[in-house]
Amino acid sequence: MKSLKELIRPNIWNLTPYSSARNEYGGRTARVFLDANENPFNHPYNRYPDPLQEELKKAISELKGVSVGQIFLGNGSDEAIDLSYRCFARPGIDNVVAIEPTYGMYRVCADIHDVEYRPVLLDDRFQLSADKLLASCDANTKLVWICSPNNPSGNNMEREAIVRVLRQFEGIVVVDEAYSDFSTQRPFRLDIDSYPNLIVLNTFSKAWGCAAIRLGMAFAREEIIEVFNKVKYPYNVNLLTQRAALRALRRKESIERWVQTLTDERSRVMEALVKLPCCIQAYPTDANFFLARMTDAKAIYDYLVERGIIVRNRNKIALCQDCLRVTIGTRLENDELLEALKNYGL
Ligand code: PMP
(Lines give C-alpha, C1' and ligand atoms only; values in the text may rest on other atoms or scores of the structure.)
Protein backbone atom coordinates (compact mmCIF):
# COMPACT_ATOMS: atom_id res chain seq x y z
CA MET A 1 0.00 0.00 0.00
CA LYS A 2 0.96 3.66 -0.24
CA SER A 3 2.28 5.29 2.93
CA LEU A 4 -0.28 6.94 5.21
CA LYS A 5 1.36 10.27 4.46
CA GLU A 6 0.58 9.79 0.75
CA LEU A 7 -3.00 8.75 1.49
CA ILE A 8 -4.04 11.30 4.11
CA ARG A 9 -5.09 14.75 2.93
CA PRO A 10 -2.13 17.12 3.46
CA ASN A 11 -4.21 19.57 5.55
CA ILE A 12 -5.20 16.69 7.85
CA TRP A 13 -1.68 15.29 8.03
CA ASN A 14 -0.46 18.74 9.10
CA LEU A 15 -3.42 19.49 11.39
CA THR A 16 -2.83 20.61 14.97
CA PRO A 17 -5.97 19.22 16.65
CA TYR A 18 -8.07 21.11 19.18
CA SER A 19 -6.83 20.39 22.65
CA SER A 20 -9.73 20.20 25.10
CA ALA A 21 -9.51 20.68 28.84
CA ARG A 22 -10.13 16.97 29.41
CA ASN A 23 -7.40 16.11 26.87
CA GLU A 24 -4.82 18.25 28.59
CA TYR A 25 -5.62 16.89 32.02
CA GLY A 26 -5.71 13.09 31.76
CA GLY A 27 -4.99 12.26 35.43
CA ARG A 28 -7.44 10.59 37.79
CA THR A 29 -6.55 12.01 41.20
CA ALA A 30 -7.76 15.62 40.93
CA ARG A 31 -10.73 16.66 43.07
CA VAL A 32 -11.37 20.24 41.99
CA PHE A 33 -12.09 20.88 38.34
CA LEU A 34 -11.89 24.56 37.45
CA ASP A 35 -10.47 24.09 33.97
CA ALA A 36 -13.32 23.61 31.50
CA ASN A 37 -15.78 26.42 32.27
CA GLU A 38 -18.33 23.84 33.38
CA ASN A 39 -21.10 24.48 35.89
CA PRO A 40 -20.25 22.89 39.28
CA PHE A 41 -23.94 21.93 39.80
CA ASN A 42 -26.08 19.24 38.16
CA HIS A 43 -23.80 16.22 38.56
CA PRO A 44 -23.06 14.14 36.45
CA TYR A 45 -24.31 16.05 33.38
CA ASN A 46 -22.30 19.16 34.22
CA ARG A 47 -18.99 17.56 33.21
CA TYR A 48 -17.72 16.99 29.69
CA PRO A 49 -17.52 13.26 28.91
CA ASP A 50 -14.27 11.38 28.36
CA PRO A 51 -13.20 12.50 24.85
CA LEU A 52 -11.54 9.13 24.13
CA GLN A 53 -14.16 6.95 25.93
CA GLU A 54 -11.50 4.82 27.62
CA GLU A 55 -13.70 2.78 29.96
CA LEU A 56 -16.06 1.90 27.13
CA LYS A 57 -13.22 1.10 24.75
CA LYS A 58 -11.73 -1.32 27.31
CA ALA A 59 -15.03 -3.21 27.48
CA ILE A 60 -15.37 -3.21 23.67
CA SER A 61 -11.76 -4.32 23.31
CA GLU A 62 -12.43 -7.44 25.41
CA LEU A 63 -15.60 -8.23 23.53
CA LYS A 64 -14.26 -7.67 20.04
CA GLY A 65 -10.70 -8.96 20.44
CA VAL A 66 -9.19 -5.68 19.23
CA SER A 67 -6.78 -3.54 21.28
CA VAL A 68 -7.97 -0.22 22.75
CA GLY A 69 -5.65 1.81 20.50
CA GLN A 70 -7.20 0.21 17.42
CA ILE A 71 -10.74 1.37 18.28
CA PHE A 72 -12.53 4.56 17.25
CA LEU A 73 -16.01 5.31 18.63
CA GLY A 74 -18.39 7.73 16.99
CA ASN A 75 -21.93 9.01 16.65
CA GLY A 76 -23.10 5.92 14.75
CA SER A 77 -20.92 4.25 12.16
CA ASP A 78 -22.10 7.08 9.93
CA GLU A 79 -19.56 9.28 11.76
CA ALA A 80 -16.72 6.90 10.82
CA ILE A 81 -17.95 6.87 7.22
CA ASP A 82 -17.87 10.68 7.15
CA LEU A 83 -14.45 10.78 8.84
CA SER A 84 -13.01 8.43 6.24
CA TYR A 85 -13.80 11.03 3.59
CA ARG A 86 -12.64 13.94 5.71
CA CYS A 87 -9.28 12.28 6.42
CA PHE A 88 -8.45 10.69 3.06
CA ALA A 89 -10.36 12.17 0.11
CA ARG A 90 -9.45 15.56 -1.33
CA PRO A 91 -12.62 17.35 -2.54
CA GLY A 92 -12.74 17.82 -6.31
CA ILE A 93 -9.61 15.68 -6.84
CA ASP A 94 -9.89 12.21 -5.33
CA ASN A 95 -12.39 9.45 -5.95
CA VAL A 96 -13.73 6.39 -4.14
CA VAL A 97 -14.85 3.01 -5.49
CA ALA A 98 -17.74 1.03 -4.02
CA ILE A 99 -19.74 -2.10 -4.69
CA GLU A 100 -23.21 -1.45 -6.13
CA PRO A 101 -25.86 -1.80 -4.81
CA THR A 102 -24.85 -1.06 -1.23
CA TYR A 103 -25.54 1.14 1.79
CA GLY A 104 -26.52 4.61 0.57
CA MET A 105 -24.43 6.72 2.93
CA TYR A 106 -21.14 5.99 1.14
CA ARG A 107 -22.47 7.83 -1.90
CA VAL A 108 -24.21 10.62 0.07
CA CYS A 109 -20.98 11.32 1.96
CA ALA A 110 -19.01 11.36 -1.31
CA ASP A 111 -21.46 13.95 -2.67
CA ILE A 112 -21.23 16.03 0.51
CA HIS A 113 -17.45 16.07 0.29
CA ASP A 114 -17.39 16.67 -3.48
CA VAL A 115 -15.58 13.39 -4.08
CA GLU A 116 -16.24 11.33 -7.20
CA TYR A 117 -18.12 8.11 -6.41
CA ARG A 118 -17.45 5.11 -8.67
CA PRO A 119 -20.01 2.31 -8.24
CA VAL A 120 -19.05 -1.16 -9.49
CA LEU A 121 -21.98 -3.51 -10.14
CA LEU A 122 -22.13 -6.79 -8.25
CA ASP A 123 -23.01 -9.90 -10.30
CA ASP A 124 -26.45 -11.50 -10.35
CA ARG A 125 -25.66 -13.39 -7.11
CA PHE A 126 -24.77 -10.01 -5.54
CA GLN A 127 -21.09 -11.02 -5.40
CA LEU A 128 -18.20 -8.66 -6.05
CA SER A 129 -15.48 -9.13 -8.62
CA ALA A 130 -12.09 -8.07 -7.24
CA ASP A 131 -10.86 -7.56 -10.81
CA LYS A 132 -13.70 -5.17 -11.65
CA LEU A 133 -13.26 -3.21 -8.41
CA LEU A 134 -9.50 -2.92 -8.90
CA ALA A 135 -9.91 -1.93 -12.56
CA SER A 136 -12.04 1.05 -11.46
CA CYS A 137 -9.29 2.37 -9.17
CA ASP A 138 -6.70 4.87 -10.33
CA ALA A 139 -3.94 6.96 -8.75
CA ASN A 140 -6.55 9.22 -7.09
CA THR A 141 -8.69 6.45 -5.59
CA LYS A 142 -8.35 6.81 -1.85
CA LEU A 143 -11.08 4.51 -0.50
CA VAL A 144 -12.77 1.28 -1.56
CA TRP A 145 -16.12 0.58 0.14
CA ILE A 146 -17.12 -3.04 0.74
CA CYS A 147 -20.16 -3.87 2.84
CA SER A 148 -20.31 -7.47 4.10
CA PRO A 149 -22.93 -8.69 4.86
CA ASN A 150 -24.11 -6.24 2.24
CA ASN A 151 -27.09 -3.94 2.56
CA PRO A 152 -29.55 -4.34 0.74
CA SER A 153 -28.67 -7.81 -0.61
CA GLY A 154 -27.95 -9.33 2.83
CA ASN A 155 -25.15 -11.67 1.73
CA ASN A 156 -21.49 -11.80 2.70
CA MET A 157 -19.03 -10.86 0.02
CA GLU A 158 -16.65 -13.75 -0.74
CA ARG A 159 -13.72 -13.58 1.62
CA GLU A 160 -11.09 -14.34 -1.04
CA ALA A 161 -12.33 -11.45 -3.19
CA ILE A 162 -12.09 -9.01 -0.25
CA VAL A 163 -8.60 -10.30 0.57
CA ARG A 164 -7.50 -9.73 -3.03
CA VAL A 165 -8.71 -6.13 -2.89
CA LEU A 166 -6.94 -5.64 0.44
CA ARG A 167 -3.69 -7.03 -0.95
CA GLN A 168 -3.74 -5.32 -4.32
CA PHE A 169 -5.34 -1.92 -3.73
CA GLU A 170 -2.85 0.76 -2.74
CA GLY A 171 -5.29 2.85 -0.69
CA ILE A 172 -7.72 2.27 2.19
CA VAL A 173 -10.31 -0.52 2.10
CA VAL A 174 -13.31 0.00 4.38
CA VAL A 175 -15.18 -3.20 5.19
CA ASP A 176 -18.52 -2.34 6.77
CA GLU A 177 -19.49 -5.26 9.02
CA ALA A 178 -22.57 -3.64 10.56
CA TYR A 179 -24.41 -6.97 10.28
CA SER A 180 -21.58 -9.42 11.00
CA ASP A 181 -23.12 -10.52 14.33
CA PHE A 182 -25.83 -12.28 12.32
CA SER A 183 -23.29 -14.12 10.18
CA THR A 184 -21.07 -17.14 10.81
CA GLN A 185 -18.24 -15.92 8.54
CA ARG A 186 -15.01 -14.87 10.27
CA PRO A 187 -15.18 -11.09 10.72
CA PHE A 188 -12.43 -8.97 9.17
CA ARG A 189 -12.01 -6.97 12.37
CA LEU A 190 -9.96 -9.94 13.68
CA ASP A 191 -7.49 -9.39 10.83
CA ILE A 192 -6.63 -5.72 11.21
CA ASP A 193 -3.07 -6.61 12.21
CA SER A 194 -2.60 -8.39 8.87
CA TYR A 195 -3.86 -5.56 6.68
CA PRO A 196 -2.44 -2.07 7.30
CA ASN A 197 -4.93 -0.53 4.84
CA LEU A 198 -8.06 -2.04 6.44
CA ILE A 199 -10.77 -0.14 8.33
CA VAL A 200 -13.63 -2.27 9.70
CA LEU A 201 -16.95 -0.71 10.76
CA ASN A 202 -19.27 -2.14 13.43
CA THR A 203 -22.29 -0.66 15.16
CA PHE A 204 -24.47 -0.89 18.26
CA SER A 205 -27.54 -0.24 16.07
CA LYS A 206 -28.22 -3.80 14.90
CA ALA A 207 -27.48 -6.93 17.00
CA TRP A 208 -27.05 -4.79 20.12
CA GLY A 209 -30.50 -3.24 19.72
CA CYS A 210 -29.18 0.25 20.48
CA ALA A 211 -29.85 2.29 17.31
CA ALA A 212 -31.21 5.15 19.44
CA ILE A 213 -28.01 5.75 21.40
CA ARG A 214 -25.97 6.35 18.20
CA LEU A 215 -22.77 4.44 18.75
CA GLY A 216 -20.59 3.16 15.95
CA MET A 217 -17.13 1.60 15.95
CA ALA A 218 -14.21 1.63 13.57
CA PHE A 219 -11.31 -0.79 13.96
CA ALA A 220 -8.00 -0.17 12.23
CA ARG A 221 -4.29 0.03 12.94
CA GLU A 222 -3.37 2.66 15.53
CA GLU A 223 -1.95 5.22 13.09
CA ILE A 224 -5.32 5.42 11.30
CA ILE A 225 -7.29 5.63 14.57
CA GLU A 226 -4.99 8.46 15.71
CA VAL A 227 -5.89 10.43 12.58
CA PHE A 228 -9.63 9.86 13.19
CA ASN A 229 -9.17 11.05 16.79
CA LYS A 230 -7.42 14.18 15.58
CA VAL A 231 -10.27 15.12 13.22
CA LYS A 232 -13.37 14.09 15.22
CA TYR A 233 -15.35 16.56 17.36
CA PRO A 234 -13.70 16.65 20.79
CA TYR A 235 -16.67 15.16 22.71
CA ASN A 236 -18.29 13.16 19.93
CA VAL A 237 -19.81 10.41 22.13
CA ASN A 238 -21.95 11.82 24.94
CA LEU A 239 -22.10 10.55 28.52
CA LEU A 240 -25.58 8.99 28.21
CA THR A 241 -24.44 6.96 25.22
CA GLN A 242 -21.23 5.82 26.89
CA ARG A 243 -23.18 4.67 29.96
CA ALA A 244 -25.95 2.97 27.98
CA ALA A 245 -23.35 1.08 25.92
CA LEU A 246 -21.54 -0.11 29.07
CA ARG A 247 -24.87 -1.37 30.42
CA ALA A 248 -25.62 -3.16 27.15
CA LEU A 249 -22.18 -4.82 27.20
CA ARG A 250 -22.97 -6.29 30.61
CA ARG A 251 -25.98 -8.03 29.05
CA LYS A 252 -24.00 -9.88 26.41
CA GLU A 253 -25.98 -13.12 26.93
CA SER A 254 -29.30 -11.52 26.06
CA ILE A 255 -27.78 -10.12 22.89
CA GLU A 256 -26.63 -13.60 21.90
CA ARG A 257 -30.16 -14.86 22.53
CA TRP A 258 -31.64 -12.08 20.37
CA VAL A 259 -29.28 -12.94 17.53
CA GLN A 260 -30.25 -16.63 17.76
CA THR A 261 -33.97 -15.78 17.82
CA LEU A 262 -33.62 -13.43 14.86
CA THR A 263 -31.61 -15.85 12.74
CA ASP A 264 -34.15 -18.64 13.49
CA GLU A 265 -36.99 -16.31 12.57
CA ARG A 266 -35.16 -15.31 9.42
CA SER A 267 -35.23 -18.92 8.13
CA ARG A 268 -38.87 -19.36 9.10
CA VAL A 269 -40.05 -16.12 7.44
CA MET A 270 -38.05 -16.71 4.25
CA GLU A 271 -39.34 -20.26 3.89
CA ALA A 272 -42.92 -19.11 4.35
CA LEU A 273 -42.55 -16.10 2.04
CA VAL A 274 -41.16 -17.98 -0.96
CA LYS A 275 -44.23 -20.24 -0.90
CA LEU A 276 -46.56 -17.28 -1.50
CA PRO A 277 -47.64 -16.41 -5.06
CA CYS A 278 -46.56 -12.75 -4.65
CA CYS A 279 -42.90 -13.75 -4.04
CA ILE A 280 -40.62 -14.78 -6.87
CA GLN A 281 -37.39 -15.32 -4.93
CA ALA A 282 -35.77 -14.62 -1.54
CA TYR A 283 -32.01 -14.08 -1.72
CA PRO A 284 -29.58 -15.86 0.66
CA THR A 285 -28.72 -13.63 3.60
CA ASP A 286 -26.26 -13.37 6.50
CA ALA A 287 -27.96 -10.34 8.10
CA ASN A 288 -31.09 -9.52 10.14
CA PHE A 289 -32.97 -8.78 6.91
CA PHE A 290 -33.38 -10.29 3.48
CA LEU A 291 -34.10 -9.13 -0.01
CA ALA A 292 -37.07 -10.63 -1.84
CA ARG A 293 -38.03 -10.29 -5.49
CA MET A 294 -41.78 -9.88 -5.72
CA THR A 295 -44.31 -9.92 -8.53
CA ASP A 296 -44.83 -6.15 -8.16
CA ALA A 297 -42.75 -4.49 -5.42
CA LYS A 298 -44.43 -1.07 -5.60
CA ALA A 299 -47.99 -2.41 -5.44
CA ILE A 300 -47.11 -4.80 -2.60
CA TYR A 301 -45.26 -2.07 -0.71
CA ASP A 302 -48.32 0.23 -0.96
CA TYR A 303 -50.64 -2.61 0.05
CA LEU A 304 -48.53 -3.28 3.17
CA VAL A 305 -48.34 0.42 4.09
CA GLU A 306 -52.16 0.56 3.99
CA ARG A 307 -52.12 -2.19 6.63
CA GLY A 308 -49.57 -0.38 8.78
CA ILE A 309 -46.67 -2.67 7.85
CA ILE A 310 -43.55 -0.96 6.54
CA VAL A 311 -40.83 -2.76 4.62
CA ARG A 312 -38.20 -1.10 2.43
CA ASN A 313 -38.97 -0.74 -1.26
CA ARG A 314 -35.68 -1.24 -3.14
CA ASN A 315 -37.32 -1.32 -6.60
CA LYS A 316 -35.33 1.63 -7.93
CA ILE A 317 -31.92 0.40 -6.75
CA ALA A 318 -29.48 -1.23 -9.20
CA LEU A 319 -30.06 -5.01 -9.60
CA CYS A 320 -33.03 -4.78 -7.21
CA GLN A 321 -35.94 -4.35 -9.59
CA ASP A 322 -39.17 -5.44 -7.89
CA CYS A 323 -37.30 -6.15 -4.66
CA LEU A 324 -38.44 -5.47 -1.12
CA ARG A 325 -36.04 -5.53 1.81
CA VAL A 326 -37.61 -7.12 4.85
CA THR A 327 -36.18 -6.69 8.35
CA ILE A 328 -36.79 -9.59 10.74
CA GLY A 329 -39.02 -8.49 13.62
CA THR A 330 -40.60 -10.37 16.52
CA ARG A 331 -42.46 -13.58 15.73
CA LEU A 332 -45.78 -11.69 16.03
CA GLU A 333 -44.64 -8.91 13.70
CA ASN A 334 -43.33 -11.41 11.16
CA ASP A 335 -46.60 -13.33 11.29
CA GLU A 336 -48.52 -10.11 10.63
CA LEU A 337 -46.42 -9.54 7.53
CA LEU A 338 -46.89 -13.12 6.30
CA GLU A 339 -50.63 -13.04 6.96
CA ALA A 340 -51.00 -9.77 5.04
CA LEU A 341 -48.99 -11.10 2.11
CA LYS A 342 -51.00 -14.32 2.08
CA ASN A 343 -54.09 -12.21 1.49
CA TYR A 344 -52.50 -10.00 -1.17
CA GLY A 345 -54.46 -10.02 -4.40
CA LEU A 346 -57.42 -11.93 -2.90
N1 PMP B 1 -23.62 0.43 7.71
C2 PMP B 1 -24.61 -0.26 7.15
C3 PMP B 1 -24.29 -1.31 6.16
C4 PMP B 1 -25.94 0.01 7.48
O5 PMP B 1 -26.92 -0.67 6.90
C6 PMP B 1 -26.23 1.02 8.43
C7 PMP B 1 -27.62 1.41 8.86
N8 PMP B 1 -28.65 1.06 8.11
C9 PMP B 1 -25.15 1.72 8.98
C10 PMP B 1 -23.86 1.39 8.62
C11 PMP B 1 -25.37 2.85 9.93
O12 PMP B 1 -25.21 2.44 11.20
P13 PMP B 1 -25.21 3.45 12.43
O14 PMP B 1 -26.57 3.37 13.00
O15 PMP B 1 -24.15 2.89 13.31
O16 PMP B 1 -24.87 4.83 11.92
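The values are calculated or read from the model by the stated rules, or taken from the named source; none is laboratory data. Owing to the predicted nature of the structure, the values given are computational and were not obtained by experimental measurement. Note: ideal-geometry Cβ built from the backbone for every residue, glycine included; neighbour counts use all protein chains shown. When the accessible area is computed, the model is the full protein with side chains, heavy atoms only, and any ligands, DNA or RNA have been set aside. Shrake-Rupley method; radii C 1.70, N 1.55, O 1.52, S 1.80 Å.
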Exercise for review: Mind putting a number on the dipole of the chain about its Cα centre? Charges go on the C-beta only, +1 for Lys and Arg and -1 for Asp and Glu, and I need it in Debye to the nearest 20.
Suggested key: 540
Study note, to complete from the structure: Of the residues A218, N343, N313, the Cα lying farthest along the dipole of region 187-346 towards its positive end, which is defined by charges on the beta carbon of Lys, Arg, Asp and Glu, belongs to A218
Revision key, fill the gap. Along the dipole axis of the chain (charges at Cβ: +1 for Lys and Arg, -1 for Asp and Glu; origin at the Cα centre), the most positive-end residue among Y303, G76, I255 is I255
Point to revise | the chain: DSSP helices with Cα axial extent of at least 30 Å and average Kyte-Doolittle hydropathy no lower than -1.0 | key: 252-274
Study note, to complete from the structure: For A272, the net charge from surrounding residues (Cβ-Cβ under 12 Å; K, R +1; D, E -1) works out to +1
Check your understanding: Summing +1 for each Lys or Arg and -1 for each Asp or Glu, what net charge is found among the other residues whose Cβ lies under 12 Å from the Cβ of L128?
Key -> -1
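Using the heavy atoms of the protein chains and a 1.4 angstrom probe, tell me the accessible area per residue for the chain in square angstrom.
Per residue, the chain has an accessible area of 48 Å².
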Check your understanding: For the chain, modelled as a Gaussian network with Cα springs under 10 Å, which listed residue fluctuates most, E226, E100, E62?
Key -> E62
Practice item. Determine the percent antiparallel among the DSSP beta bridges restricted to the chain, to the nearest 5. Key: 50
Check your understanding: At a 1.4 Å probe radius, carbon and sulfur cover how many percent of the accessible area of the chain?
Key -> 50
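Write out the trypsin sites (Lys or Arg not before Pro) in region 72-168 meeting two conditions: DSSP loop, and at most 13 other Cβ atoms within 10 Å of their Cβ.
On the way: sites: R86, R107, R125, K132, K142, R159, R164, R167; in loops: R125.
Of the trypsin sites (Lys or Arg not before Pro), the ones in loops of region 72-168 whose Cβ has at most 13 other Cβ atoms within 10 Å are R125.
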Review point. In region 21-179, with Lys and Arg counted as +1 and Asp and Glu as -1 at Cβ, which of these residues, A135, F169, S61, has the Cα nearest the positive end of the dipole, that is, farthest along it?
Key: S61
Point to revise | Cleavage-rule hits, chymotrypsin sites (Phe, Trp or Tyr not before Pro), region 1-82, DSSP coil, Cβ neighbours within 10 Å at most 15 | key: Y18, Y25, F33, F41, Y45
Check your understanding: What's the FRET efficiency of K342 with K252 using the Cβ-Cβ distance as r and R₀ = 45 Å, to the nearest 0.05?
Key -> 0.75
Revision key, fill the gap. In a Gaussian network model of the chain with springs linking alpha carbons closer than 10 Å, the residue among G76, G171, G329 that fluctuates most is G329
**Study point:** Those Cys residues of the chain for which no other cysteine Cβ falls under 4.7 Å
**Key:** C87, C109, C137, C147, C210, C278, C279
Review point. Assigning unit charges at the beta carbon (Lys, Arg +1; Asp, Glu -1) and nothing else, what dipole magnitude in debye, to the nearest 20, does region 163-317 show about its Cα centre?
Key: 360
Point to revise | Size of charge dipole - region 10-100 - debye, nearest 20, with Cβ of Lys, Arg +1 and Asp, Glu -1, no other charges | key: 300
